[in-house]
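Notes follow once the structure below has been shown.
The values are calculated or read from the model by the stated rules, or taken from the named source; none is laboratory data. Note that the structure is predicted; figures quoted are calculated from it, not measured. Don't worry about glycine lacking a Cβ; one is built from the backbone with ideal geometry, like all the others, and counts go over all protein chains shown.
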């Protein structure tokens, strides 16, 4: 069997939709409605209200001191205040938490950290669509969860290869599976009908040169991933810091001053990320 | 001095920095440096939505957290593969500098 065959075979096994985690219907409906110019906030609020966990989270966020609003009690008010994009990100991230947390807390913490770091970088560089960037960052390692679920046997080989050869996880995955968690994550994002601006940064977070339409977003996720690995926060399955690609530096143009500020703020916020994670596990 | 999440604070720990209300950093502190923390006090801080505080010494071992020397050693181990890249070496230096500042005992007011 050629490498290409093996990869195709694997794609079939991995993408067997019967056992693949699904996105709750509420996210699909939110996406549909938010793309329709004629839809109203009330319609969206109605959809959100049908999911009680999501409703509770949105109200909690709208009432949190960081937004500084007073006593928001209805979903539609909360959605007007927070904005549709924040609500969509929140819906997606609580789903991801549920999928990931069962597999490993370390990976969840790593993902939360990269999400926060990507948001910080995007804001520091005044990039558009910060929310999308942090959502893509939160999701960037989702392929690892799928590999853990679907390739239990190969997983041991991958881990051994990684330890013996001192390689990165994606190099070991490519050696054993002929694909890697970034590509698998990209497949999953396509299966979930996520937009390109999310699926590209997920699929190319280890090689931004392959990203055609959203290289800036992919680069932010790529840098955020390396920085979180540098700080040793969470457990992505890689203990070594990967090299940040020249192309990512070139496209983002982060100055040394900005880099120090980002790292400082990031380290400060990681304490709160840890806190948030402890809260969710409690 | 160590910054720890409020959830990990235990009775008897001593505040290393003044604690401020979230919305008025730089205003009047709500709890002064050198205060010995009690369960009651922690409950109140929690009620005021304080998420983390600075305490004296280094009472809590967070995940993977060690002494400054160990932290620097681990930092170098993580950068093992990329230290020859000048840009990556710069990132390592920023981290080392940061660790020295926050884990040394002379930080903060």
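How many of the residues in segment A:251-260 are surrounded by fewer than 19 Cβ atoms within 10 Å (Cβ to Cβ) and more than 10 Å from chain B (Cβ to nearest Cβ)? Number of matching residues: 5. Out of (1) outside any helix (DSSP H, G or I); (2) within 21 Å of the chain's Cα centre (by Cα); (3) more than 7 Å from every other protein chain (Cβ to nearest Cβ), the odd one out for residue A:248 is which? Failed condition: (1).
Picking from residues in segment A:269-282 that are within 9 Å of chain B (Cβ to nearest Cβ) and loosely packed, with under 13 Cβ neighbours inside 10 Å, the one that is modelled with the highest pLDDT is A:279.
Summed over segment A:16-48, residues that are touching a helix residue (DSSP H, G or I) at 6+ places or on another chain (Cβ under 6 Å), free of Cβ contacts under 8 Å to residues at least 40 places away in the same chain and not in a helix (DSSP H, G or I) total 1. Taking segment A:215-243 as the range and being modelled with pLDDT of 95 or more and in a loop (DSSP other than H, G, I, E, B) as the test, the residues that pass are A:241, A:242, A:243. Looking across segment A:1-15, the residues that are assigned to a loop (DSSP other than H, G, I, E, B) and modelled with pLDDT under 75 come down to A:1, A:2.
No other residue among A:176, A:156 is surrounded by fewer than 24 Cβ atoms within 10 Å (Cβ to Cβ) and within 18 Å of residue A:107 (Cα to Cα) apart from A:156. The set of residues from segment B:2-17 being without any contact (Cβ under 8 Å) to a residue 24 or more places away in the chain and crowded, with 18+ Cβ neighbours inside 10 Å is empty.
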